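The values are calculated or read from the model by the stated rules, or taken from the named source; none is laboratory data. Remember, it's a predicted structure, so these values are computed and weren't measured experimentally. As a convention, Cβ positions derive from the backbone with ideal geometry for all residues, glycine included, and neighbour counts pool all protein chains shown.
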C-alpha cells in the first residue's frame, strides 16, 4: 500500500498528539470515510460478552447484512431511474 509522504507525516503528528498508534489513526479515518464509525459501539451497546455471537454466527450476520445493504442499494438505483 502506498501512502503519500505528506499524509504519512500528518498521520504521525495526529498519532503523537492523540497518544494513538499510527495504524489506529488510519483505521479511524477509514471507518469514518466508509461510514463505519460508531457501528461497532452501537452493535455492542448493551450486549454482555455472554450474549455476543460466536465467530461463525457473527460472520453469518455480517454476510446477511451486507447482502441486504447491497440489495437495498441496487433497488434504490432501479427505482430512482
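Per-structure values
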{"read-out": "Filtered residues of the range 12-42 (kept if farther than 19 Å from residue 69 by Cα and either touching a residue at least 40 places away in the same chain (Cβ under 8 Å) or assigned to a loop (DSSP other than H, G, I, E, B) (or both))", "value": "19, 20, 21"}
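Residue-by-condition table, conditions (1) at pLDDT 90 or above; (2) loosely packed, with under 11 Cβ neighbours inside 10 Å:
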{"position": "2", "(1), (2)": "yes, yes"}
{"position": "8", "(1), (2)": "yes, no"}
{"position": "17", "(1), (2)": "yes, yes"}
{"position": "20", "(1), (2)": "yes, no"}
{"position": "23", "(1), (2)": "yes, yes"}
{"position": "31", "(1), (2)": "no, no"}
{"position": "36", "(1), (2)": "no, no"}
{"position": "39", "(1), (2)": "no, no"}
{"position": "45", "(1), (2)": "no, yes"}
